[in-house]
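Peer 1: Let me give you the structure first, and then I'll get to my questions.
The values are calculated or read from the model by the stated rules, or taken from the named source; none is laboratory data. Being a predicted model, the structure only gives us computed values, none of them experimental. All Cβ positions, even for glycine, are placed from backbone atoms using ideal geometry, and neighbour counts span all protein chains on display. Areas reflect the complete protein model, heavy atoms only, side chains present, ligands, DNA and RNA absent. Shrake-Rupley method; radii C 1.70, N 1.55, O 1.52, S 1.80 Å.
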Amino acid sequence: VVRGWLGVSVQPITHELAQQFHLDKDYGTLVADVVEGSPAAKAGIMRGDVIIAFDGQDVGEPYTLRNMSAGTVPGTEAELKLIRNRETLVLSVTIEEIPSDTQVKASTVTNALSAVSVQDLTPDIFRQLGLPDKIRGVVVTGIKPGSPAERALMPGDILLEVNRRAISGISDYEATIAKLAPETDILLLVFRRGSTIFVTISPD
């Protein structure tokens, strides 16, 4: 199965975010990050954009956008309707095949982190998220809706440690989580909004 790729990290619109972005209602999907060189970047999508429709279908939640883009055949041109600085824009984006080195393959993992997609930190991500130079880890790009991980993590989180083991990049992360048993409680050190916090994920 070939999955389509848009190349954005997204999060839900809360009431507080709707006010900050001057939205009429708590609806849409907020772009927290855009992967450098991705279809989204090539189409002109920017951090802070609020995507409200994908090819004419409403996008009320992040998982809707992820499912729609993943289910689109690579090479297909899609139309994104979004709100930027109180204006409604329509951009055309050509969906690409998901790069093999971008996402963690959930099939290799059977524990609570199988619901989490991550990617390596790039200079563009450092710049867009305002990360300190010393930060090392992987950035969360997606979380399966309804999973235990969704209660603890959010797109844009930087995973610094897994069960007290420092994570230097995606290869290190994959090797670490592949050793965790399905029933394992997982302790994560996360960098979020300028601060480091510990969070735990327990299997259902």
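Peer 1: Just the number: Rg to Rh for region 64-174, Cα atoms, Kirkwood Rh, two decimals.
Peer 2: Numbers: Rg = 15.8 Å, Rh = 15.8 Å.
My calculation of the ratio gives 1.00.
Peer 1: Per residue, how much accessible surface does region 109-159 expose to a 1.4 Å probe? Answer in Å², no decimals. Each step should come with its number before you reach the end.
Peer 2: Details: 2030 Å² over 51 residues.
Counting only protein heavy atoms, the per-residue value for region 109-159 is 40 Å².
Peer 1: Please work out the Cα center distance from region 170-192 to region 1-34, rounded to the nearest Å.
Peer 2: If you average the Cα positions of each part, the centres end up 26 Å apart.
Peer 1: Can you tell me the relative contact order of region 123-204? Whole percent, Cα pairs under 8 Å, sequence separation 6 or more. Before the final figure, lay out the partial values.
Peer 2: Working: 122 pairs, mean separation 22.0, N = 82.
Normalised by residue count, the contact order of region 123-204 is 27 percent.
Peer 1: Using every Cα-Cα pair within region 120-192, state what percent have a distance larger than 18 Å. All intermediate terms of the calculation are to be shown ahead of the outcome.
Peer 2: On the way: 1009 of 2628 pairs.
Looking at region 120-192, the distances longer than 18 Å represent 38 percent of pairs.
Peer 1: Regarding region 27-88, what are the three Cα extents along the principal axes, ordered largest first, in Å?
Peer 2: Over region 27-88, Cα extents along the principal axes are 31, 24, 17 Å.
Peer 1: Given points 7 Å out from each Cα along the Cα-Cβ axis, report the Glu77 to Lys25 separation in nanometres with one decimal.
Peer 2: Once both label points are built, they end up 3.1 nm from each other.
Peer 1: Determine the relative contact order of the chain: mean sequence separation of Cα pairs under 8 Å and six or more apart, normalised by residue count, in whole percent.
Peer 2: Answer for the chain is 17 percent.
Peer 1: For the chain, with the dipole built from +1 on Lys and Arg beta-carbon atoms and -1 on Asp and Glu ones, taken about the Cα centre, which of Ile98, Val140, Val34 lies farthest toward the positive end?
Peer 2: Positive-end residue among those listed: Val140.
Peer 1: Also, I was wondering about something else. Report the relative contact order of region 56-96, percent, no decimals, based on alpha-carbon pairs under 8 angstrom and at least 6 residues apart. If you can, show how the numbers build up before the last one.
Peer 2: Numbers: 42 pairs, mean separation 15.4, N = 41.
After rounding, I find 38 percent.
Peer 1: Ok, one more. What figure in square angstrom, to the nearest 10, would you give for the accessible area of Val90 with a 1.4 Å probe?
Peer 2: 90
Peer 1: Using a 1.4 angstrom probe on the protein heavy atoms only, could you order Met154, Met46 from most to least accessible area? Present the calculation step by step, with values, prior to reporting the outcome.
Peer 2: Numbers: Met154 55, Met46 95 Å².
The ranking, largest first, comes out as Met46, Met154.
Peer 1: To the nearest 20 debye, what charge dipole does the chain have about its Cα centre, counting +1 at the Cβ of each Lys and Arg and -1 at the Cβ of each Asp and Glu? Provide the component values of the computation, followed by the final result.
Peer 2: Numbers: 19 positive and 26 negative charges, 85 e Å.
Dipole about the Cα centre, nearest 20: 400 debye.
Peer 1: With the Cα gyration tensor of the chain in hand, convert its eigenvalues to equivalent ellipsoid semi-axes via √(5λ) and list them largest first in whole Å. Walk me through the numbers before you get to the answer.
Peer 2: On the way: eigenvalues 152, 70, 53 Å².
Gyration-tensor ellipsoid for the chain: 28, 19, 16 Å.
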